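Report on the structure given below.
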Amino acid sequence: MSGVSEPDYSAQLWYGPPRRSRSEDGESRPPDILVGTVEVAVRLFGILAGLTPENPITLSLPAPVTAGDVVAAVQEQCGPAMFAHPARRIGETSPSCRLFLAGEPIEDFGARLEAEGGAPLDVELILVLAYEGG
Amino acid sequence: MNIIDPKFGTLEAEEKAPHEDNTWVSSSCALCYGSCSIKAHRVDGVIVKIEGNPDSVVGKGRLCGKGVSGIMSHYDPNRVTKPLRRTNPEKGIGVDPKWKEVSWDEALDEIAAELVRIRAEDPRKLLLQRTTTVTASRLPFQAFAAGFGTPNHSTGGGGLHCGNGAHLISGIMHASWGVLPDFQYCNYAIYFGASKGHSAGHASTSNMGMAADARARGMKMVVVDPMCNFAAAKASEWVPIRVGTDGALALAMCNVLVNDLGVIDAPYLKAKTNGPYLTGPDKRYMRDAFTGKPLVWDERAGGARPFDESDPADMALEGTFSVDGTACRPSFDRLKEHFLQFTPEWAEEITTVPAANIRRITKEFADEARVGSTIVIDGVTVPYRPVAAIAFRGSQGHKNSVYNFLAVDLLNQMVGAADVAGSCLGFNPTCHGHPDTGQPWYEPNADPDGLMITGMWMGYHYPYPVGAPRLPQNIGLQDLFVMSMTSPFLDSTDREKLWDDMDLPYRPEMIINYGSNLLMSIANKDVVAESLKTYKMIVSFDVLLTETSEFADIVLPDCDYLQSKDSRSNFPFIFSLPAGMGEWCWPIRQPVAEPQGEQRPMAEVMLELADRVGFRADLNAGYNGAINLRPPYRLEGDKKYTYEEICDHDLKNNFGPEHGWEWFKEHGLIKWDKKPEEVYWRAFVDVRVPIYWEWMIDTHKEIAAIAEPRGLQIPEEYYDPMATWLPCLSHEEHGEGFDFYAFYYRDIIHTNSYTMENPWLDEAARLDPFSYNIAINTESGRAQGLADGDAIAVETSTGRRVEGRVKLTEAIHPEGLGIAALAGHWVDTMPIAKGKGVFFNELLELDYEHASPVNLNLDLCAKVKITRLEAAS
Amino acid sequence: MRLGMVIDLKRCIGCYGCQLSCKAENGTPPGVFFARVLKQVSGKYPTVQNTFLPVLCNHCDDPPCVEVCPTGAAFVWEEDGIVDVDHDKCVGCRTCMLACPYSQRFFNDETRPYFGEGGATPFETARASHHQTGVILKCNLCRDRVRDGGKPACVENCPTVARIFGDFDDPNSEVSHLIKERGGFPLRPEKGTKPRVYYLPA
């Protein structure tokens, strides 16, 4: 048929490298080992700051702690109402929720948060909510 | 500069003497949101010329008519130069505010006091509203909103008219703000209600040059448009179409492409779309019980597999399969069958485009798509699909906004003409950053279902994944209508009922407006006026007193673009940097002239307001969150940074310690080469896009579950996973005498409602055959007893009415009534603009019924009747 | 050397960049356009041609304006063929306006600011107020920019690179090549003025 090249030169560019199925994959992640609790100091800004009398709030979360865990804990304390627009599951990445660990922006909410020598995690949280237009 | 008097070719001694101040300043235009780079010539404190900056990729050293005319907007004697306080408590159209000049201190004291009250009660009562024209205004407003604590932010008519559809679909399917043809390599481009490269807007002047090169090279341009102007005027083929029916045409073309011609890029569909995802009888994905991943039918294994455990080459696109006793089919199989109903004959009825043309154009598109081919660019082999179907404001500006735009993009998706050489490109969806710093770095990535999440967006309300609807907390109800962006419900006739029905826990009380003339830019003036009257305080940053300023309590005199600084004159890089191969370019904006009178730049005023209210630490956190400032450039604590310091931090955060504000002041911009892996990223990034919008089913259920018990119906037909044809309200109006579809279009000589006050642009528009007139087909006009220049009244069935002079022309569909731009000003404070052109938006109703129930884009066409008022004078 | 221009109608998109960058460069008053974009629709729906035609003084080889001028104000520069006006000699009789077949000469009757009662803007004071009144104004191919080694403002600015400027005496110049290769044509050749602005077909 016209319009389609024979042979198909671009197919391999679309397909990319061969995929291995999970069951064939020899690697596996080591199971998480609980090591007690992690202290997290969360400083809230903007709309979140008005929702709780204590700022920063101190959380004691079971290790290991991800950014998503921190957000979930804050949502429980402050109420999910403010987290517009909310993700489908509590704590799941909502891009409007900007989290910083010791000043560094954390994009991957599944990533583990770690601090030097067991010190409390220094977290900042602000919701950048404004809908864009134009 | 050129001196007219020759003095026999030699300049007089005093003219040749060096001026103390004779400087060319590198900065950025703001006559539209293209933000093309400029060099402004200042001699002894006076701006005497504005030219392009040949060093910059944005504009490529040239400017359109608007850009070179910025001088006359800058020196408009009607500019606001002092803060003004209204003394007349009554507000209304044509009601004199009885302005009193006040000091900045008085003005800011009063504004801060109100902000303090609101912040203590409920910060969401504050609405920030800005014009899209000055793209750079978004950062100070976004940071302020985050720090203050309000989610309520809008852009006048921006988004409602032009972007709720375009940005949503461009974001979901191309990870960018908009789409355009790859001008350097495209051979066949079909434009649906778009003018890329032939008018203003995103990457405007750069696109003009690139599109001209493309046409000179031989690129065919087929332009679908009710009117033959701008892009259609340069097209190899103009396809006149009944207003608002682009979606039907695109769907018929999809049908011809997939079913009649059978031209599809199967490997692309298998690897890069959710075409192979199996869907069950409920039309939702079949999911793996263990991992929850969508299943595909792996033909080699002879069974269903999670999509990420099967080689795309082995995935079935068609067929019926059984998974655990449930019959299911790949979503492409459904779509292919779904297209069958959209025959060219069916489309001809709806669009008036002849069926034979529909078949021919689709065949031309299919032949030129060269499915299966590749090309080597800069040593890198990429797929080559030199066809592009693009859409923008016109085609998505209807109640069926989502499907109209999506149907056009499906043409690209079927043949793999998406973000590869020659094809439909998003504006720069992937950037690997400056070679020295690797910033800004962004790239699309995949959600757990394998579908694309954009790597960069303006703000964090990403188009995908779609949020979970909830009882709304935002006055625009965008957290209920989770696929919307700008909302009509800030000003609509039904907003208060909706707020009551939805138990919105607060009501908006204050607006801080930056330059938007929402009284004109949204819909008919009365509905917006009624809404504005309900606010306790309206503060407006303005360069001129507009129809909207009349409703303000306090007007603050703004510095214009020639008097302001911005570390990012536009939004990097998905908004206004040209797409395709070439260079990355990040220009700044810096002041060329001093403020006039007591004008102050908005960004600095917002910083001072935050200090007066007492939330500088939150504002700093807002900036950190908005532009990802990392140590050592993050804003610390409650330190009172100036806006210049914040700009300096933004630039160093991206380009390193040597490239701060001082460096950029001298150089104006930074640039570096693009790589094919960035430009043609689709082949290098493992993400899929949805040709089948499966989430619509659940999203509809969730929105309906909240809205319908409260009296708001959410029509299911707009939430089908497959693009379909749904008519506008105008298409269903058959009242006697209501024979024309009124529409408006962007004029190359004007931007929004702003530029009619510029006397050079006004003069050019008065000489233009169409700018200030109502275009009507010659034969249709004569049948109505009209002659060129006659005055007519245009009325809708709801009694909205405008008047204007007709221009009889062959260059418009027989049923169309074309009105340019957003003209028809009535205030005395814009004396050049007053009375020029036609105020089209007066014809528009503003309520839920006249908006898309998916993305809340307004339905922008109106069925009208015309009455002759008087003969041409 | 005879300087002239080639305008590519295929590339022009009617953005008014030339018209307005010229106005900004020369500070011309209201109603005066040394460069202008004309637009015309021809044909019958749906087979329609919407033409954008940028026009300017054609800097003719045989300019009738020079021939009729009683005072010698209208003259041609020998070095490059630019058709110009000496405002000190011009008495404003406007005979040249009648003689020009292209209507590219303008009479500056009085200083009129663009904002009317709003007065002259600082730009107009700097750039336009020194124009003599009671005389003819016209395009001079941005004589000073060109003699400084640059190009006319309209040429430098055109976003689609639709205006090409150069020496018609040089057979190897870009303008000469384009005219030959693309079939360039002038406007109203039958008037016999030998214009040096050529157009490339749309």
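Annotation: of all residues in the range B:210-235 being touching a residue at least 40 places away in the same chain (Cβ under 8 Å) and surrounded by fewer than 23 Cβ atoms within 10 Å (Cβ to Cβ), the one that is nearest to B:Cys64 (Cα to Cα) is B:Ala235.
Of all the criteria given as (1) closer than 30 Å to B:Asp378 by Cα; (2) out of contact with any Leu (no Cβ under 7 Å at 6 or more places or on another chain); (3) not aromatic (Phe, Trp, Tyr), the one not satisfied by B:Ser199 is (1). Would you pick out the residues in the range B:322-355 that are within 21 Å of B:Thr273 (Cβ to Cβ), of a type in the set (A, V, I, L, M) and either out of contact with any helix residue (DSSP H, G or I) (no Cβ under 9 Å at 6 or more places or on another chain) or surrounded by 15 or more Cβ atoms within 10 Å (Cβ to Cβ) (or both)? Answer for the range B:322-355, where residues must be within 21 Å of B:Thr273 (Cβ to Cβ), of a type in the set (A, V, I, L, M) and either out of contact with any helix residue (DSSP H, G or I) (no Cβ under 9 Å at 6 or more places or on another chain) or surrounded by 15 or more Cβ atoms within 10 Å (Cβ to Cβ) (or both): B:Val323, B:Leu335.
Restricting attention to the range C:117-133, the residues that are surrounded by fewer than 16 Cβ atoms within 10 Å (Cβ to Cβ) and at pLDDT 95 or above add up to 0. Of the residues making up the range C:15-40, those that are closer than 30 Å to B:Val224 by Cα, crowded, with 22+ Cβ neighbours inside 10 Å and out of contact with any helix residue (DSSP H, G or I) (no Cβ under 7 Å at 6 or more places or on another chain) number 0. Scan the range A:99-129 for residues that are facing another protein chain (nearest Cβ under 7 Å) and outside any strand (DSSP E or B) and the total you get is 3. For beta carbons closer than 6 Å, sequence separation of 6+ or different chains, a first residue in the range B:303-319 that is touching a residue at least 24 places away in the same chain (Cβ under 8 Å) and a second that is of a type in the set (Ser, Thr, Tyr) and crowded, with 18+ Cβ neighbours inside 10 Å, the qualifying pairs are B:Pro312/A:Tyr15; B:Ala313/A:Tyr15. If the condition is being within 7 Å of chain A (Cβ to nearest Cβ) and either closer than 14 Å to B:Trp695 by Cα or not charged (D, E, K, R) (or both), then the range B:453-475 contributes B:Met458, B:Gly459, B:Tyr460, B:His461, B:Tyr462, B:Gly467, B:Ala468, B:Gln473, B:Asn474. Do we have B:Arg124 as buried (at least 24 other Cβ atoms within 10 Å of the Cβ) and either at pLDDT below 95 or outside any strand (DSSP E or B) (or both) here? Yes; evaluated as a whole, the condition is true for this residue. In the range B:630-666, the qualifying residues are those that are in contact with a Pro (Cβ under 8 Å, 6 or more places away or on another chain) and buried (at least 17 other Cβ atoms within 10 Å of the Cβ), and the one that is farthest from the other protein chains (Cβ to nearest Cβ) is B:Tyr643. Taking the range B:93-150, which residues are at the interface with chain A (Cβ under 9 Å from one of its Cβ atoms), out of contact with any Ser or Thr (no Cβ under 9 Å at 6 or more places or on another chain) and free of Cβ contacts under 8 Å to residues at least 40 places away in the same chain? Residues satisfying the conditions are B:Ala120, B:Thr150.
Against the criterion of being more than 7 Å from chain A (Cβ to nearest Cβ), closer than 30 Å to B:Ala113 by Cα, buried (at least 24 other Cβ atoms within 10 Å of the Cβ) and in contact (Cβ under 8 Å) with a residue 24 or more places away in the chain, B:Asn164 does not qualify. Note on the range C:1-99: enclosed helices (runs of 4 or more DSSP H) holding 3 or more residues that are within 10 Å of chain B (Cβ to nearest Cβ) are C:17-26. Considering the range B:197-208, and only residues there that are in contact with a Phe, Trp or Tyr (Cβ under 7 Å, 6 or more places away or on another chain) and of a type outside the set (Gly, Ala, Ser), the residue that is modelled with the highest pLDDT turns out to be B:His198.
Of all residues in the range B:558-568, at least one satisfies being of a type in the set (A, V, I, L, M, F, W, C) and outside any loop (DSSP other than H, G, I, E, B). Under the condition of being part of a strand (DSSP E or B) and in contact with a Pro (Cβ under 6 Å, 6 or more places away or on another chain), which residue from the range B:366-381 is nearest to B:Met414 (Cα to Cα)? Out of the qualifying residues, it is B:Thr374. Each residue in the range C:41-82 was checked for being touching a helix residue (DSSP H, G or I) at 6+ places or on another chain (Cβ under 6 Å), polar (S, T, N, Q) and in contact (Cβ under 8 Å) with a residue 60 or more places away in the chain, and 0 of them qualify.
Rundown of residues vs (1) within 26 Å of the chain's Cα centre (by Cα); (2) outside any loop (DSSP other than H, G, I, E, B); (3) surrounded by fewer than 22 Cβ atoms within 10 Å (Cβ to Cβ), yes/no style:
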{"site": "B:Tyr772", "(1), (2), (3)": "yes, no, no"}
{"site": "B:Ala775", "(1), (2), (3)": "yes, yes, no"}
{"site": "B:Asp788", "(1), (2), (3)": "no, no, yes"}
{"site": "B:Val794", "(1), (2), (3)": "no, yes, no"}
{"site": "B:Glu842", "(1), (2), (3)": "yes, yes, yes"}
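When the residues of the range B:356-398 are filtered to those that are among the acidic types (Asp, Glu) and at the interface with chain A (Cβ under 9 Å from one of its Cβ atoms), the one that is surrounded by the fewest Cβ atoms within 10 Å (Cβ to Cβ) is B:Asp367.
The values are calculated or read from the model by the stated rules, or taken from the named source; none is laboratory data. Note that the coordinates shown come from a computational prediction; the quantities given were computed from them, not determined experimentally. All Cβ positions, even for glycine, are placed from backbone atoms using ideal geometry, and neighbour counts span all protein chains on display.
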